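Peer 1: Got a structure here, written out as structure tokens. Questions coming.
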Amino acid sequence: MAKEKFFKGSKLLALAKQKALQVGLKSDGLKLEELICKVQEKEGNTVCFRKKKTCPETLCCWQASCSAEMLAL
């Protein structure tokens, strides 16, 4: 399995916009956090970006900018 790349800043925003397009969402006028949460919801994932203190999802592509502490299981 290929290892995912994790992004911050403008690269993270570009990834969020790309994923939004892939799932049929418009990204216009949305802040980064709102956009990522909408993408998470549309993909059927837990809407958790910057909403939890800890997170077991170590392969999440949003983790580099999420405030949650990653838990190694």
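The values are calculated or read from the model by the stated rules, or taken from the named source; none is laboratory data. This one's a predicted model, so the numbers in the text were calculated from it and none came from an experiment. Cβ atoms come from the backbone with ideal geometry, glycine included; neighbour counts cover every protein chain shown.
Peer 1: What pairs come up if the first residue lies in segment 46-73 and is on the phi > 0 side of the Ramachandran plot, the second is modelled with pLDDT under 90, and their beta carbons are under 7 Å apart, counting only those six or more places apart or on different chains?
Peer 2: Taking only residues 6 or more apart or on different chains, the pairs are Arg50/Cys66; Arg50/Ser67.
Peer 1: Within segment 17-67, can you find the residues that are touching a strand residue (DSSP E or B) at 6+ places or on another chain (Cβ under 9 Å) and under 16 Å from Phe7 (Cβ atoms)?
Peer 2: Glu57, Thr58, Cys60, Gln63, Cys66
Peer 1: Still on this model: What are the residues in segment 23-41 that are under 22 Å from Ser67 (Cβ atoms), assigned to a loop (DSSP other than H, G, I, E, B) and of a type in the set (A, V, I, L, M), if any? Give the derivation first.
Peer 2: Just the residues of segment 23-41 that are under 22 Å from Ser67 (Cβ atoms), to begin with: 27, 30-41.
So of that shortlist, the ones also assigned to a loop (DSSP other than H, G, I, E, B) come out as 27, 30-31.
Result: Leu30, single match.
Peer 1: Continuing with the same structure: Condition check: at pLDDT below 90 and crowded, with 16+ Cβ neighbours inside 10 Å. Does Cys37 satisfy that?
Peer 2: Working: at pLDDT below 90: no; crowded, with 16+ Cβ neighbours inside 10 Å: yes.
For Cys37, the condition - at pLDDT below 90 and crowded, with 16+ Cβ neighbours inside 10 Å - is not met.
Peer 1: Still on this structure, please answer the following. Residue by residue through segment 42-73, note down the ones that are hydroxyl-bearing (Ser, Thr, Tyr) and either surrounded by 17 or more Cβ atoms within 10 Å (Cβ to Cβ) or part of a loop (DSSP other than H, G, I, E, B) (or both). Explain how you work it out, then say what you get.
Peer 2: Here is the first cut: in segment 42-73, the ones hydroxyl-bearing (Ser, Thr, Tyr) are 46, 54, 58, 65, 67.
Matches in segment 42-73: Thr46, Thr58, Ser65, Ser67.
Peer 1: Consider Lys17 carefully, then state whether it is free of Cβ contacts under 8 Å to residues at least 24 places away in the same chain and more than 9 Å from the chain's Cα centre (by Cα).
Peer 2: Considered against the rule, which asks whether it is free of Cβ contacts under 8 Å to residues at least 24 places away in the same chain and more than 9 Å from the chain's Cα centre (by Cα), Lys17 comes out as yes.
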